[in-house]
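Here the structure is laid out as structure tokens; the discussion comes afterwards.
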Amino acid sequence: QLKAFPDVVVLQMANPDVTDQTLEVLRDFSQLRELDLNDTAVTDAGLPTLAALPKLQSLRLKNTKITDDGFQQHLASKETLTQLDVRGTEVPAKSLRAWKNAQPGREYLK
């Protein structure tokens, strides 16, 4: 049971059966810094949960259903976020370049 480990710092949940609803269990994970959600069923609806993680620095969302709208609304202004993988999503390179240039030290894969 994942809820028993709220102090986890790195978490890999790269599995097709992970949904926006699955992300709800992460709400109390205040120490989480790195999260891998590649190849999951996560959509824009799950992004507010991710944006609320206070220490999240590295986020992998490759091959998910997130859009540029969702990215702009929930992740683009998240100051702790410094590494992002959104390959295979609808987030365009120009949005990622703007995100990277907004704060020193940011990197992305696209």
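Gln73 meets each of the listed conditions (1) open to solvent by 90 Å² or more (accessible area, probe 1.4 Å); (2) assigned to a loop (DSSP other than H, G, I, E, B) apart from (2). Looking at Lys94, Lys62, just one residue is more than 25 Å from Pro6 (Cβ to Cβ), out of contact with any Phe, Trp or Tyr (no Cβ under 6 Å at 6 or more places or on another chain), open to solvent by 70 Å² or more (accessible area, probe 1.4 Å) and not in a strand (DSSP E or B), and that residue is Lys94. All conditions but one from (1) within 24 Å of Asp7 (Cα to Cα); (2) out of contact with any strand residue (DSSP E or B) (no Cβ under 6 Å at 6 or more places or on another chain); (3) in a loop (DSSP other than H, G, I, E, B) apply to Asn38; the one that does not is (2).
The values are calculated or read from the model by the stated rules, or taken from the named source; none is laboratory data. None of the values given here were measured: they were computed from a predicted structure. Neighbour counts are summed over all protein chains in view; Cβ atoms, including those assigned to glycine, are modelled from backbone coordinates with ideal geometry. Keep in mind that these areas ignore ligands, DNA and RNA; they rest on the heavy atoms of the full protein, side chains included. Shrake-Rupley method; radii C 1.70, N 1.55, O 1.52, S 1.80 Å.
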